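Remarks on the structure that follows.
The values are calculated or read from the model by the stated rules, or taken from the named source; none is laboratory data. Keep in mind that what you see is a predicted model, and the values were worked out from it rather than measured. Here the Cβ positions follow ideal geometry from the backbone for every residue, glycine too, while neighbour counts run over all protein chains shown.
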Protein chains: 2
Amino acid sequence: MVANPTELITSDKNTTVKLVKALLTQARQRNKHGQTVIEGIHLIDAALRSDYPFVQILLAESAHHHPEVQQVLTRLPTYTPILTLSDALYESIRSLGTGIDIMAVIKMPTPSLSMIHDDCLILNDVQDSGNVGTLLRTAAAVGIKNILCTSATAQAWSPKTLRAGMGAQFALNIYEGLSVQEVLDHVQTPLFATSSHTDTVIYQHDLKKPIAWIMGHEGQGVCNELMQCATPIALPQPNGQESLNVAIAGSLCLYETLRQRSYN
Amino acid sequence: MVANPTELITSDKNTTVKLVKALLTQARQRNKHGQTVIEGIHLIDAALRSDYPFVQILLAESAHHHPEVQQVLTRLPTYTPILTLSDALYESIRSLGTGIDIMAVIKMPTPSLSMIHDDCLILNDVQDSGNVGTLLRTAAAVGIKNILCTSATAQAWSPKTLRAGMGAQFALNIYEGLSVQEVLDHVQTPLFATSSHTDTVIYQHDLKKPIAWIMGHEGQGVCNELMQCATPIALPQPNGQESLNVAIAGSLCLYETLRQRSYN
């Protein structure tokens with residue numbers, strides 16, 4: 001049974017519309033309410049496949065009869081509130097470009113950190129939401145579940161990071177807002193970090209046992225406190241160029257780990 | 001000797017200011033004039049290190065006495081025109097966020113394509129400038145010089161792509177606006193492309209001889225015409241997630257090629 005949308009909302013004074021707009025644009029509002037917004041069919045589909053609960057759905061009037069929207073609506077629990085917005089109002093709040101105009105408000109999970117004895121990825125103040133999302137996407141692809149983010153890392157559940165992550169967030173345990181000390185206290189596996197101060201390249205390291213990869217700030221790299229506890233590895237750059245983008249560097253590390261374990 | 005800036009420009013009616021604004025924002029204007037703009041100390045430094053000629057330099061008034069700017073100015077050929085803009089005017093045209101306010105107009109190179117017998121990277125309608133820039137950065141890092149871009153690929157010399165490439169453009173031969181047929185006619189090395197329709201993972205392929213890697217459109221992948229001529233390879237995704245971001249996929253392919261040749 002397809003859940004039934006409510007009446008048409010046309011005013012930007014509507015309480016829900018105001019809340020959604022705030023959630024889409026302000027990290028502070030997302031933290032205050034413990035909620036975020038996923039935009040577009042693709043992310044909603046990813047959330048549904050992970051049985052992730054929705055607070056509510058917002059639809060543009062003209063999107064309502066789109067076959068993919070109808071298909072999504074049949075998969076929702078029937079009690080999910082669905083709001084229909086006039087096209088103009090929807091367009092005024094969305095943060096994505098044109099597409100199928102559907103979004104969902106969801107709760108941001110706040111898992112509590114326990115001891116980590118398995119592979120994990122530590123994001124140490126990675127600033128750019130695109131980089132964070134891309135790293136989450138690669139981590140999900142290779143099957144690394146635990147992601148630990150120090151406090152200045154871009155929010156993993158922001159609309160931009162969700163978009164770059166393409167739904168990877170729903171497959172991961174993401175611990176945010178951690179201090180460096182909390183990371184060190186909980187991660188029991190050996191730490192590895194890329195560094196330009198070593199000549200030992202990644203391919204010369206044995207990565208077969210569980211490890212914690214640390215990726216750092218785009219400009220400053222991994223902080224000293226973490227670096228001192230980590231094995232430094234080099235990603236070779238025979239042409240002597242600039243260091244690699246952090247999402248690229250991280251993905252190369254995660255995939256070399258996978259290769260050594262499964263294809264060596 | 002430090003080149004001498006001209007008098008202060010405060011009007012957005014100034015011909016050069018109007019041109020630079022157009023070059024920063026419109027691909028059509030860049031193509032028409034055969035020029036583009038590089039913003040920030042980092043890119044200007046990269047261009048200087050590659051002996052890349054400048055058409056002119058634009059500076060914000062307050063940036064003039066910055067030590068890094070002074071250092072850059074001493075390295076310029078003395079005949080390089082330098083315009084100083086009022087801070088407000090500079091701020092109104094820049095496309096980067098805050099930083100050291102210096103930019104340079106440069107010619108966009110238009111190398112003519114000859115037969116390619118060596119490694120190369122083919123960008124087959126990769127849409128996003130961030131992805132194109134990141135792929136160029138990785139190609140430069142591993143030492144792949146020749147980049148062939150089909151016509152719908154994001155412009156390699158746009159300000160956004162230059163920013164993502166971090167100066168890699170200056171180390172590469174980038175052929176833009178090619179038809180698929182031109183690519184096929186000129187590339188003499190075997191073509192390889194990632195595909196979700198094969199089970200043979202990249203680690204099972206021998207990548208030691210020169211090859212041409214093809215990376216495709218973010219949504220549609222590599223076009224049929226190129227795919228039919230290519231060996232399909234899989235990037236393993238044990239967790240069965242979404243396909244990887246194209247910049248990640250491409251970087252993994254380029255680095256696996258490097259690994260097999262230098263670290264096997």
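Looking at B:K208, is it in contact with a helix residue (DSSP H, G or I) (Cβ under 8 Å, 6 or more places away or on another chain), within 14 Å of chain A (Cβ to nearest Cβ) and of a type outside the set (S, T, N, Q)? Spell out how you get there, then give the answer.
Numbers: in contact with a helix residue (DSSP H, G or I) (Cβ under 8 Å, 6 or more places away or on another chain): yes; within 14 Å of chain A (Cβ to nearest Cβ): no; of a type outside the set (S, T, N, Q): yes.
Spelling it out, it is not the case that B:K208 is in contact with a helix residue (DSSP H, G or I) (Cβ under 8 Å, 6 or more places away or on another chain), within 14 Å of chain A (Cβ to nearest Cβ) and of a type outside the set (S, T, N, Q).
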- Out of B:S158, B:S151, B:S179, which single residue is farther than 16 Å from B:C253 by Cβ and touching a residue at least 60 places away in the same chain (Cβ under 8 Å)? B:S158
- Message: Go through the range A:30-41 and report how many residues are part of a helix (DSSP H, G or I) and within 14 Å of chain B (Cβ to nearest Cβ).
- Response: 1
- Query: Only one of (1) closer than 27 Å to B:P53 by Cβ; (2) modelled with pLDDT of 95 or more; (3) outside the structural domain of B:I233 (by TED's automatic domain parsing) fails for B:P81. Which number is that?
  - Reply: (2)
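Only one residue in B:A230, B:A212 is touching a Phe, Trp or Tyr at 6+ places or on another chain (Cβ under 9 Å), surrounded by 23 or more Cβ atoms within 10 Å (Cβ to Cβ) and over 22 Å from A:N245 (Cβ atoms). Which one? Walk me through how you get there before you give the answer.
Working: B:A230 fails: surrounded by 23 or more Cβ atoms within 10 Å (Cβ to Cβ).
Selected residue: B:A212, the only one of B:A230, B:A212 that is touching a Phe, Trp or Tyr at 6+ places or on another chain (Cβ under 9 Å), surrounded by 23 or more Cβ atoms within 10 Å (Cβ to Cβ) and over 22 Å from A:N245 (Cβ atoms).
Just one of A:R163, A:R137 is among the basic types (K, R), touching a helix residue (DSSP H, G or I) at 6+ places or on another chain (Cβ under 6 Å) and closer than 24 Å to B:A164 by Cβ; which is it? Walk me through how you get there before you give the answer.
On the way: A:R163 fails: touching a helix residue (DSSP H, G or I) at 6+ places or on another chain (Cβ under 6 Å).
Residue meeting the stated conditions: A:R137.
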- Message: Please determine whether any residue of the range B:237-251 is at pLDDT 95 or above, surrounded by fewer than 17 Cβ atoms within 10 Å (Cβ to Cβ) and more than 16 Å from B:L121 (Cβ to Cβ).
- Response: no
- Could you figure out which of (1) in a helix (DSSP H, G or I); (2) touching a residue at least 60 places away in the same chain (Cβ under 8 Å) isn't true of B:S62? (2)
- Go through the residues of the range A:105-126 one by one and say whether even a single one is surrounded by fewer than 19 Cβ atoms within 10 Å (Cβ to Cβ), at pLDDT below 95 and either among the aromatic types (F, W, Y) or farther than 30 Å from A:V187 by Cα (or both). no
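Just one of B:L96, B:L85 is under 21 Å from B:H64 (Cβ atoms) and in contact with an Asp or Glu (Cβ under 6 Å, 6 or more places away or on another chain); which is it?
Numbers: B:L85 fails: in contact with an Asp or Glu (Cβ under 6 Å, 6 or more places away or on another chain).
None of the other options fit; the residue is B:L96.
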- Message: Scan the range B:244-264 and tell me whether some residue there is over 26 Å from A:P236 (Cα atoms) and within 14 Å of chain A (Cβ to nearest Cβ).
- Response: no
- Message: So, in the range A:159-182, exactly how many residues are farther than 20 Å from A:R94 by Cα and either buried (at least 22 other Cβ atoms within 10 Å of the Cβ) or within 11 Å of chain B (Cβ to nearest Cβ) (or both)?
- Response: 7
- Restricting the range B:187-209 to residues that are surrounded by fewer than 17 Cβ atoms within 10 Å (Cβ to Cβ) and touching a residue at least 60 places away in the same chain (Cβ under 8 Å), the residue that is farthest from A:A164 (Cα to Cα): B:Q188
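Okay, residues lined up against (1) outside the structural domain of A:E176 (by TED's automatic domain parsing); (2) part of a strand (DSSP E or B); (3) touching a Gly at 6+ places or on another chain (Cβ under 8 Å):
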residue	(1), (2), (3)
A:R28	yes, no, no
A:L43	yes, no, yes
A:D51	yes, no, no
A:F54	yes, no, no
A:M103	yes, yes, yes
- Message: Going by what's in this entry, would B:F170 be described as within 13 Å of B:C253 (Cα to Cα), in contact (Cβ under 8 Å) with a residue 24 or more places away in the chain and of a type in the set (F, W, Y)?
- Response: no
- Task: Taking the options A:T231, A:T194, name whichever one is more than 14 Å from chain B (Cβ to nearest Cβ) and closer than 23 Å to B:E256 by Cα.
- Result: A:T231
